[in-house]
Amino acid sequence: MKSFIQGILAGTAPSDHDTASREALERLSSHFNGDLPHDLRNFDKPFRQAAVLLPLVERDDGMTVLLTRRTDTLPEHPGQVAFPGGRVEIHDDGVLDAALRETEEEIGLPRYLVEPAGYLRPYLTITGYTVIPVVGFVDPDMPELVPDPTEVADIFEVPLEFLMNRDNHQTETREFRGRQVTYYVIPYE
């Protein structure tokens, strides 16, 4: 599966994987391409650059995605399930460095345990960020992760297969800063 994901990101997916796996990874790419159904055309300030790590862990029973739940006290996106990551800072050596730094700060995952595989298309958020998702394979023998209590309330893994199954996808709408926004919800445990 790992070589297949690397192939998708490089545009040269190996031919020895089944069609369902190929479709799942193509959906992964399409879900994070900035096409959420909310309207950002009238956003009134410049977007800030951010980077997140889409951490994939190959387990005996399949590939999982490592996720966090943000604390309820954060000023932006409180309580949301998220990939580890954050703003690209001036001292970062690009998007990859920012994603790895933020991941290490937020959940204690050392960068040397992440094998970067590629990038997905930028994603624009309603709060004014252009987010670059960095896909990386995480060593499954990683030490126990410790969340930064000021930013992360929980760290957990979800099977990639579950996330890519469209039957598990829902959209919800709510008002945010005077406008209706629609977002994805994937209920899991």
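Summary of values
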quantity	calculated
Rounded D (µm²/s) - the stretch 45-161, Kirkwood Rh over Cα pairs, Stokes-Einstein at 37 °C, 0.692 mPa s	229
Check: the stretch 59-189 dipole with +1 on Lys, Arg Cβ and -1 on Asp, Glu Cβ, in debye	760
For LEU74, distant residues with modelled amide H under 5 Å away	GLY79
HIS169-ALA153 pseudo-label distance in nm [points 7 Å out on the Cα-to-Cβ vector]	2.6
Order by protection proxy (mean Cβ within 10 Å, highest first), peptides 99-110, 51-62	99-110, 51-62
Highest-first arrangement of 128-136, 112-120, 89-97, where packing means the average Cβ count within 10 Å	128-136, 112-120, 89-97
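Read-outs throughout are calculated quantities, based only on the coordinates presented, and are distinct from any laboratory measurement. Note that the structure is a prediction, hence the values are computed from the model and not measured. For neighbour counting, all protein chains shown are included, and Cβ atoms are generated from backbone atoms with ideal geometry for every residue, glycine included.
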